[in-house]
Amino acid sequence: MTADWVPLQFIGEPIEVTHDRPPVLEKKPDSPSSFRWRGETHRVAAVLSRWFDFRRRGDMARNMRQAHLEHAARRGSWGVGRFYFRVQTEGRRVFDLYYDRSPTSAGDRKGHWFLWRELGEA
């Protein structure tokens, strides 16, 4: 039986992640093996779920024709989208984290990892 999860706290902070095996595709990573948040390392014991969202937001949603926008929402396009992971740590805490594919500048074209929220059982 799977647990129903409810948000305990919104975090919304950048994190550092490590992978035991580096992702094959940098912009389509798998769940990290661990992450560092506020000076503490959290080792991932289990990936409870994963999903992605390739929707374009804001100005990015207005720069494509509707047919192309629908295709991009299904398949993704460069620098747009997020990969989400619900993980349980070795300490039995449950977190949602995501990799945001958006570059922050021309000199920083890689995406970034964020700790979205902590969850608890309903």
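The values are calculated or read from the model by the stated rules, or taken from the named source; none is laboratory data. Treat the numbers as computed from the prediction; the structure is a model and nothing was measured. With ideal geometry, Cβ positions are generated from the backbone for all residues, glycine too; neighbour counts draw on all protein chains shown.
Observations
- Cβ pairs under 9 Å, 6+ apart, first in segment 43-55 and loosely packed, with under 13 Cβ neighbours inside 10 Å and among the aromatic types (Phe, Trp, Tyr), second at pLDDT 95 or above and in a strand (DSSP E or B): Trp51/Tyr84; Trp51/Phe85; Trp51/Arg86
- Condition check for Arg101: at pLDDT below 95, more than 18 Å from Phe10 (Cβ to Cβ), touching a helix residue (DSSP H, G or I) at 6+ places or on another chain (Cβ under 8 Å) and charged (D, E, K, R): no
- Residues that are at pLDDT 90 or above and either buried (at least 16 other Cβ atoms within 10 Å of the Cβ) or under 12 Å from the mean Cα position of the chain (by Cα) (or both) within segment 72-91 comprise Phe83, Tyr84, Phe85, Arg86, Val87, Gln88, Thr89, listed in sequence order.
- Only a single criterion out of (1) of a type in the set (A, V, I, L, M, F, W, C); (2) at pLDDT below 70; (3) in contact with a Leu (Cβ under 8 Å, 6 or more places away or on another chain) is not satisfied by Ala106, namely (3).
- Applying the condition of being assigned to a loop (DSSP other than H, G, I, E, B) and touching a strand residue (DSSP E or B) at 6+ places or on another chain (Cβ under 9 Å) to segment 24-53 and asking which residue is farthest from Lys110 (Cα to Cα) yields Arg38.
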